[in-house]
Amino acid sequence: MSWSITSPVTCLIGPGDSTKTTILDAIELSLLPRWNYQFDDSDFYMSNVKNPIEIIVTLGQIPGTLLSEQKFGLYIRGWTKAGEIRDEPAEDDEPVLSIRLKVDDSLEPEWTVTNDRNIEGKKISYKEREALGANRLGSNIEKHLSWGRGSSLTHMTENNREVKSVLIDASRKIKNEIDFDKFDELLKTAHKTQNLASGLGVKPNSGYTPQLDSNTISTNFGAISIYDGKIPLRLMGLGTQKLIALSLQLSLLRQGEMILIDEVEHALEPFRIRHLLRTINDHIKSSIDSIGQVIMTSHSHTAIVELEAEKLCVVRSENGMTTCINVNNELQSTIRDVPESLLGRKIIVCEGKTEFGLLISLEEYWKNSGMDNFASKGVVPVEGGGDTAPKRTIELSELGYNTCLFLDSDKLNELKPDIETIKSSGVELIHWAGEVSTEQRIILDIPWAAVKKVVELAVEFKGQDSVFDSIRANLGINSKTNQDIDEFKNHGFSEEEIRCAIGRAAKKNNWFKRIDPGKRLGYVLVEEFDDIAGKEIMETISTLKNWIYE
């Protein structure tokens, strides 16, 4: 993977198993101040330990203490205003360091600061990496709620000697205040130990007694936590813990901290997600120099909608190669309208609500027939918004998604962009034969008895008078006596003419232009699959099915 981050706030999105979390892992492994990572063979690509792990992270806003010649000043590179790395920094470049983590078949990690002038690099210790200010908020949230190594509370505390003094003083008081003369069993065991040792020639100086060993009384920073009254914060709800820890880390952004957050929405209600993301944005915007950085992952519609498009990055992984595509601000409307589209592998953009509802009924039919559900295939149907569907489909295709535009065929010549542009962008275009809407295609191809069911369904949604008035109008009949489509044959109309009139009425009067009516129309259709096997509509449905399950 090669990725240049373009925003101080970045949210990695995309389907499951696309290596979003792995990217955070790579940054954490390279920058966080730990030295005792345990690697094993399965960490290598395809478990091939002869192919070393190598991660290089280049970052700016380096603390001055690391830029002296005695430290890493001779390894400084330049970050240009165009967002490129220059090995020999120019005067107007930002000074940056490239930190490399390498692990070979010995499974021993090695951290170095490197550049093209010195490939071997210079080792950087975990203490020196600690100065880079990278933090990961994951499953160990509670560590940030105590004064422990690498915790936010420790970073916020200006004089950590005070913490150590408190712990040492507490251990002394504990040791001195316990009266072991009250504990007969412990005294008996200590005296028995003295007698047994004496039998082997060991002479006590003052006599054996039970006491607390100061080495076993923790004087580590983690022994002090923050409480809310009598309750430690680590016992609060997971969402509350997460927000408290994040509030601490966000306060450190101005000091150049980096925060890595996996699944930012985890354990949070939608309103809390929105508030959190707005707060993160406010922290970044309030800094004139954009100090600090937040990199997160998400599978949440709420997070995608709340963030500006330029803060989103679509992640893909195939055959060991990960790609990160930064989203353009021009896609903001698509993201706000169909955020779920950015979370799948294959996207079917349905032109309208009728097609979307129909697709839902088709999925249910295929699933009941033993096929996989769409979710297991990573297929996401989205409603395209009518005339905007072609543009929306192309935009998603340009982000690397495998996309299909499913639409009716009554206005193919009016599509914007046109058919050729859609196809040339890599979009699969699936539509009905003939210049007809979805409702018309169904009514033309299903058996006559099923056409009656469609009319009954329309009556349920629109009312009998409205439905039959519109059919009569399309047949040119003024009489209002007909309440059954068979009666139209008495006026000399053929079955084909009646089908066409019903189809035109359905289209013009929007009988099924909502998702639920479209789904109910689909249920009528799938019940007739055996009887319409040779019809044109089934050829199109077969094409759609093949694209979904290929």
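The values are calculated or read from the model by the stated rules, or taken from the named source; none is laboratory data. Just so it is clear, the structure is predicted and the values come from calculations on it, not from any experiment. Every residue, glycine among them, receives a Cβ derived from its backbone with ideal geometry; neighbour counts consider all protein chains shown.
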Got a sec? Which of Leu405, Leu444, Leu412 is hydrophobic (A, V, I, L, M, F, W, C), in contact (Cβ under 8 Å) with a residue 12 or more places away in the chain, assigned by TED's automatic domain parsing to the domain that holds Thr354 and touching a Gly at 6+ places or on another chain (Cβ under 7 Å)? Leu444
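Condition first: part of a helix (DSSP H, G or I) and modelled with pLDDT under 90. Now tell me which residues in region 397-411 satisfy that.
The initial filter retains those residues of region 397-411 that are part of a helix (DSSP H, G or I), namely 397-398.
Across region 397-411, the qualifying residue is only Glu398.
Okay, residues lined up against (1) surrounded by fewer than 14 Cβ atoms within 10 Å (Cβ to Cβ); (2) within 26 Å of Ala506 (Cβ to Cβ); (3) within 28 Å of the chain's Cα centre (by Cα):
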{"position": "Glu363", "(1), (2), (3)": "no, yes, yes"}
{"position": "Asn368", "(1), (2), (3)": "yes, no, no"}
{"position": "Gly384", "(1), (2), (3)": "no, yes, yes"}
{"position": "Pro390", "(1), (2), (3)": "no, yes, yes"}
{"position": "Leu399", "(1), (2), (3)": "no, no, yes"}
{"position": "Leu405", "(1), (2), (3)": "no, yes, yes"}
{"position": "Asp418", "(1), (2), (3)": "yes, no, no"}
{"position": "Thr421", "(1), (2), (3)": "no, no, no"}
Would you please name the residue that is surrounded by the most Cβ atoms within 10 Å (Cβ to Cβ), looking only at residues in region 453-483 that are touching a residue at least 24 places away in the same chain (Cβ under 8 Å) and within 27 Å of Ala533 (Cα to Cα)? Ala458
Look at region 503-550 and say how many of its residues are among the acidic types (Asp, Glu), buried (at least 16 other Cβ atoms within 10 Å of the Cβ) and in a helix (DSSP H, G or I). 0
Under the condition of being under 41 Å from the mean Cα position of the chain (by Cα) and part of a helix (DSSP H, G or I), which residue from region 423-452 is surrounded by the fewest Cβ atoms within 10 Å (Cβ to Cβ)? Ser424
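Would you please name the residue that is nearest to Lys346 (Cα to Cα), looking only at residues in region 293-334 that are outside any helix (DSSP H, G or I) and acidic (Asp, Glu)?
Taking region 293-334 as the starting set, the residues that turn out to be outside any helix (DSSP H, G or I) are 293-300, 307-308, 312-328.
If we keep only those that are acidic (Asp, Glu) as well, we get 308, 318.
Details: Glu308: 23, Glu318: 14 Å.
Here the answer is Glu318.
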Just checking, how many residues over region 305-359 are within 14 Å of the chain's Cα centre (by Cα), at pLDDT 90 or above and farther than 28 Å from Ser2 by Cβ? 2
Can you tell me how many residues in region 193-211 are part of a loop (DSSP other than H, G, I, E, B) and surrounded by 10 or more Cβ atoms within 10 Å (Cβ to Cβ)? 6
